[in-house]
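Contents: one structure, followed by commentary.
The values are calculated or read from the model by the stated rules, or taken from the named source; none is laboratory data. Since this is a predicted model, take the numbers as computed values, not measurements. All Cβ positions, glycine included, derive from the backbone under ideal geometry; neighbour counts span all protein chains shown. The accessibility values were calculated without ligands, DNA or RNA, using every heavy atom of the protein model including side chains. Shrake-Rupley method; radii C 1.70, N 1.55, O 1.52, S 1.80 Å.
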Amino acid sequence: MSETPAELVHYGTADAVATITFDSQHNRNALSRQLVTELIAHLEAAEADDAVRVVLVRAEGKVFCSGADLSEASTEGMEVGARRIVDLQRLVATMAKPVVVRVHGAVRAGGIGIVAASDVAIAAEDATFALTEVKLGLAAAIISLTVHHRMNPRAAALTTLGGEVFGGRDAAAYGLVTAAVPADELDARVEEVCASLATGAPQGLRESKRILNRDLVARIDAHGEEMAALSARLFASDEAREAMTAFLNRPKKK
């Protein structure tokens, strides 16, 4: 079994942009306790840095984020972890600086919550998304706080109840991401967006984002505790535990 790297999330700044990079490839950038803790710390560092105007979240490897770390959830439960994901989404939504996500590869379950919480999401057309919770006896509970705020209701019903994979173009049509571009144009488009946002004055960015996200933050505050409790209860259910165990023990693709 490979050892967990000492650092799962990297941080750097340049040209008024703080770049936060997931690099937990041993578990497909899953939202483990360590990754979420490091991510929150880096977001807070970016928020406190007066030289930073924009925050960019990206990932290394073939997977942007595979969602909850099921190995932790199946052995330790999700009571604390669910509340941490609610807190993470709220932090992204309430930061004074715009948060941009560069989306490539596979994005699953909880990872979609990070995409939805962000202010601007640019995806590769060949990126793939899936709200897979329904397949495991779960519900997209804590991420519904942000996902259902972004997606149109019909798209939310189709993707949440079906759990099927959809691509970058559909994600843009559904309202989940801002735009989808060919994979070879992704970096250039993200750089262009970040550079444009960085021209905003700090006060203008802060107050504009506060207005834009007022309803989203109210939604998180009103329903966050309920959704965290529901998520923890579902993860602890016999049906979900059996499904997660089967998923974790499935034959690995070569």
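Only Cα sites of region 149-254 enter the Debye sum here, all with the same form factor; the resulting log10 I(q)/I(0) across q = 0.17, 0.18 1/Å is -1.17, -1.19, listed in q order.
Each residue was assigned an accessible area with a 1.4 Å probe, and for His26 the value is about 80 Å². Amide H to amide H distances under 5 Å link Val177 with Ala172, where only residues 5 or more positions off or on other chains count and H is placed in the peptide plane. Candidates Val99, Leu138, Gln25 compared by Cα position along the dipole of the chain: farthest toward the positive end lies Leu138, with charges placed on Cβ. Relative to the dominant Cα principal axis of the chain, helix 79-94 is inclined by about 20°. Distances between placed amide hydrogens fall under 5 Å for Thr128 paired with Gly105, Ala106, Val107, all partners being 5 or more residues away or on another chain. Using only the Cα atoms of region 7-142, each taken as one equal point scatterer with no solvent, compute I(q) by the Debye sum, divide by I(0), and report log10 of the ratio at q = 0.12, 0.14, 0.18 Å⁻¹. Taking Cα atoms of region 7-142 as identical point scatterers yields -0.43, -0.58, -0.98.
Treating the beta-carbon of each Lys and Arg as +1 and of each Asp and Glu as -1, no other charges, what is the dipole magnitude of the chain about its Cα centre, to the nearest 20 debye?
Details: 27 positive and 34 negative charges, 110 e Å.
Dipole of the chain, to the nearest 20 debye: 520 debye.
How much of the accessible area of region 23-72, probe 1.4 Å, is carbon plus sulfur, in whole percent? Answer for region 23-72: carbon and sulfur cover 47 percent of the accessible area. Close Lys pairs in the chain, defined as Cα atoms under 17 Å apart and 8 or more places apart or on different chains, number 4. Placing dummy labels 7 Å off each Cα toward the beta-carbon, the span from Asp221 to Glu79 is 2.7 nm.
Residues whose amide H falls under 5 Å from that of Leu31, counting only those 5 or more places apart or on a different chain, are Ser66, Gly67, Ala68, Asp69, with hydrogens built in the peptide plane. The C-alpha radius of gyration of the chain, expressed as a fraction of 2.2 N^0.38 Å, stands at 0.95.
Would you mind telling me the antiparallel percentage of the DSSP bridges in the chain, rounded to 5? Bridges in the chain that DSSP calls antiparallel: roughly 30 percent.
Counting only Cβ charges, +1 for Lys and Arg and -1 for Asp and Glu, the dipole size of region 79-121 around its Cα centre is about 60 debye. Think of the chain as a dipole: +1 on every Lys or Arg Cβ, -1 on every Asp or Glu Cβ, centred on the Cα centre; then among Val217, Ile122, Ala156, Ala156 lies furthest on the positive end.
Where only protein heavy atoms count, and the probe is 1.4 Å, what is the accessible area per residue for the chain in Å²?
48 Å²
The calculated FRET efficiency for the pair Ala45 and Ala236, based on their C-beta separation and a Förster distance of 30 Å, comes to about 0.35. Each stretch of four or more DSSP H residues adds -39500 (n - 2.57); spread over every residue of the chain, this sum gives -15500 deg cm²/dmol at 222 nm.
Rounded to the nearest 10 degrees, the angle from helix 186-197 to the longest Cα principal axis of the chain is 50 degrees. Couplings for region 16-29, taken from phi via the Karplus curve 6.51 cos²θ - 1.76 cosθ + 1.60 with θ = phi - 60°, read 6, 10, 8, 9, 10, 10, 6, 8, 10, 5, 5, 10, 6, 6 Hz in order; Gly and Pro are left as x. Using only the alpha-carbon atoms, how far is helix 202-212 inclined from the longest principal axis of the chain? Give it as 0 to 90 degrees, nearest 10. With rounding to tens, the tilt is 40 degrees.
Each Lys and Arg adds +1 at its Cβ and each Asp and Glu adds -1 at its Cβ; summed about the Cα centre, region 154-215 shows a dipole of about 420 debye. A simple rule links phi to the HN-Hα coupling: the Karplus curve 6.51 cos²θ - 1.76 cosθ + 1.60 with θ = phi - 60°, which for region 48-61 gives 7, 8, 5, 7, 8, 10, 9, 10, 10, 10, 9, 8, 8, x Hz, with x for Gly and Pro.
For the chain, modelled as a GNM whose springs connect Cα atoms under 10 angstrom apart, the maximal fluctuation among Ser66, Ser32, Ser196 occurs at Ser196.
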